[in-house]
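*Asks:* First the structure, then my questions, so here it is.
Quick note: the coordinates plus some simple rules give every number you see, no bench work behind them. Computed from a predicted model, the values in this text were never measured in an experiment. Note that each Cβ is placed from the backbone with ideal geometry, even for glycine, and that neighbours are counted across all protein chains shown.
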Amino acid sequence: MLTIDRISSSYAQVKVLSDISLKVEEGEVLGLLGRNGAGKSTLLKSIMGLVQIDSGTIMLDDITLSDQHAHEIPKCGIGYIPQGRRLFPELMVEENLKMGLFARNNSEEVLDWALSLFPVLKSRLKQKSGTLSGGEQQMLATARALCLQPRYILMDEPSEGLMPKLIETIFDIVEKLKSDKVGVLLVEQKIEGTLRISDRIVFLENGILKEESTPQQLSENPEPLSMYVGVKSHTN
Ligand SMILES: Nc1ncnc2c1ncn2[C@@H]1O[C@H](COP(=O)(O)OP(=O)(O)O)[C@@H](O)[C@H]1O
Ligand SMILES: [Mg+2]
């Protein structure tokens with residue numbers, strides 16, 4: 001279980017997250033929704049140790065992640081796909097993937113498995129990552145995180161800027177990870193797809209967790225969607 005217990009984070013004394021608690025179980029998809037600036041990316045960065053937390057704890061089973069350096073956290077089995085992909089543009093596709101592999105001493109078999117999910121990358125292993133299309137870069141960022149064989153994966157708007165067909169591919173991968181017992185914390189703007197694949201949904205507003213719900217409850221009463229995300233229906 002990934003357990004976030006009462007964490008607060010700030011940038012230069014400006015508080016961005018207040019007292020956030022949530023849990024992600026293995027094989028569970030938790031959708032995290034909220035408007036721009038709500039603090040969704042900051043929450044994922046706090047889990048990855050990329051933003052220092054002011055208080056609270058983050059645990060992976062009995063390992064205290066919040067005591068670890070940022071570079072140790074992927075080695076514990078937490079994969080992260082940052083918003084905007086953040087690849088190493090000068091490195092080849094293959095080199096980017098191997099950084100994921102080496103962080104956990106995984107074998108080439110894991111690389112083959114990740115590539116089997118994204119066959120288009122296979123023909124581009126020697127290409128510089130910065131020259132890939134936006135969709136290909138997103139696939140690479142996802143494949144790189146999968147090369148860790150993570151137990152939990154944090155995805156920050158993975159569908160951003162992708163064509164509908166690729167968005168479906170990304171959602172299919174999330175479902176596949178779930179069936180492999182990986183826990184997924186998914187930040188998304190694509191509400192319909194998120195509701196389809198998530199087990200639970202939490203809403204963040206101004207750095208505060210406002211509400212927890214299920215896709216089923218939200219289909220009966222979509223009010224939190226209009227209140228915290230600003231959509232009238234969930235057909236986007
Ligand atoms: N590096 C930073 N320095 C200062 N403020 C930041 C930084 N990153 C984000 N913020 C602020 O923190 C708040 C939450 O941002 P963010 O976590 O990116 O929100 P979201 O991902 O929900 O859009 C915003 O008000 C944003 O301006
Ligand atoms: Mg964000």
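*Asks:* For the chain, modelled as a GNM with alpha-carbon contacts under 10 angstrom, which of V120, V202, V14 fluctuates the most?
*Replies:* Top of the fluctuation ranking is V14.
*Asks:* All other residues with a Cβ under 12 Å from the Cβ of R35 taken together, and with Lys, Arg as +1 and Asp, Glu as -1, what is their net charge?
*Replies:* +1
*Asks:* Continuing with the same structure: Can you give the relative contact order of the range 1-85 as a percent, counting alpha carbon pairs under 8 Å and 6+ residues apart?
*Replies:* With pairs under 8 Å counted, the relative contact order is 32 percent.
*Asks:* For E26 paired with A70, estimate the spin-label separation in nm (one decimal), with each label point 7 Å from Cα along the Cα-to-Cβ line.
*Replies:* Using points 7 Å along Cα→Cβ, the separation is 2.9 nm.
*Asks:* Also, I was wondering about something else. With axes computed from alpha carbons, what is the tilt in degrees of helix 164-179 against the longest principal axis of the chain, rounded to the nearest 10 within 0 to 90?
*Replies:* Once rounded, one gets 80 degrees.
*Asks:* For the chain, what is the percent of antiparallel DSSP beta bridges, rounded to the nearest 5?
*Replies:* So the antiparallel bridges in the chain amount to around 55 percent.
*Asks:* Normalised by the residues of the chain, what does the relative contact order come to in percent, with Cα pairs under 8 Å and at least six apart?
*Replies:* 27 percent
*Asks:* At 0.36 nm per residue, and after removing the present C-alpha to C-alpha distance, how many nm does the segment from K181 to E160 gain when stretched out fully?
*Replies:* This chain segment gains 5.1 nm when fully extended.
*Asks:* In Å and whole numbers, how far do the C-alpha atoms of the range 176-236 stretch along each principal axis, longest first?
*Replies:* 34, 26, 18
*Asks:* Roughly how big is the range 131-202's charge dipole about its Cα centre, with Cβ charges of +1 (Lys, Arg) and -1 (Asp, Glu), in debye to the nearest 20?
*Replies:* The dipole magnitude comes to about 260 debye.
*Asks:* Report, in degrees rounded to the nearest 10, the 0 to 90 angle that the Cα long axis of helix 93-103 makes with the longest principal axis of the chain.
*Replies:* 70 degrees
*Asks:* Also, I was wondering about something else. Using every alpha carbon pair in the chain, what percent of pairs falls into each 5 Å bin from 0 up to the bin containing the largest distance?
*Replies:* 1, 7, 15, 19, 20, 17, 12, 7, 3, 0
*Asks:* Taking the Cβ of Q127 as the centre, find all other residues whose Cβ is under 10 Å away and add up their charges (Lys, Arg: +1; Asp, Glu: -1).
*Replies:* In short, +1.
*Asks:* Report, in degrees rounded to the nearest 10, the 0 to 90 angle that the Cα long axis of helix 108-117 makes with the longest principal axis of the chain.
*Replies:* Orientation of helix 108-117: about 60 degrees from the principal axis.
*Asks:* Moving to a separate point now. If I take every Cα pair under 8 Å that is 6 or more residues apart in the range 87-167, average their sequence separation and divide by the length, what percent do I get for the relative contact order?
*Replies:* That works out to 40 percent.
*Asks:* Gain in length, E192 to L125, computed as 0.36 nm per residue apart minus the alpha-carbon separation, to one decimal in nm?
*Replies:* Length gained between E192 and L125: 20.8 nm.
*Asks:* Given the range 52-101, report the % of alpha carbon pairs whose separation exceeds 12 Å.
*Replies:* Percent of Cα pairs beyond 12 Å in the range 52-101: 71.
*Asks:* Express in nm, to one decimal, how much length is gained between R35 and L91 on full extension, taking 0.36 nm for each residue of separation and deducting their alpha carbon distance.
*Replies:* Separation in residues times 0.36 nm, less the Cα-Cα distance, equals 16.8 nm.
*Asks:* Sticking with this structure for a sec: Where does the chain land at 222 nm, in deg cm²/dmol rounded to the nearest 500, when only DSSP H runs of n ≥ 4 count, each adding -39500 (n - 2.57), divided by all residues?
*Replies:* -9500 deg cm²/dmol, from helical runs alone.
*Asks:* Turning to a different aspect of this structure: Between their Cα atoms, which of K23/K178; K126/K181; K165/K210; K75/K122; K126/K190; K23/K165 are more than 27 Å away from each other?
*Replies:* The pairs that break the limit, which is 27 Å between Cα atoms, are K126/K181; K165/K210; K126/K190; K23/K165.
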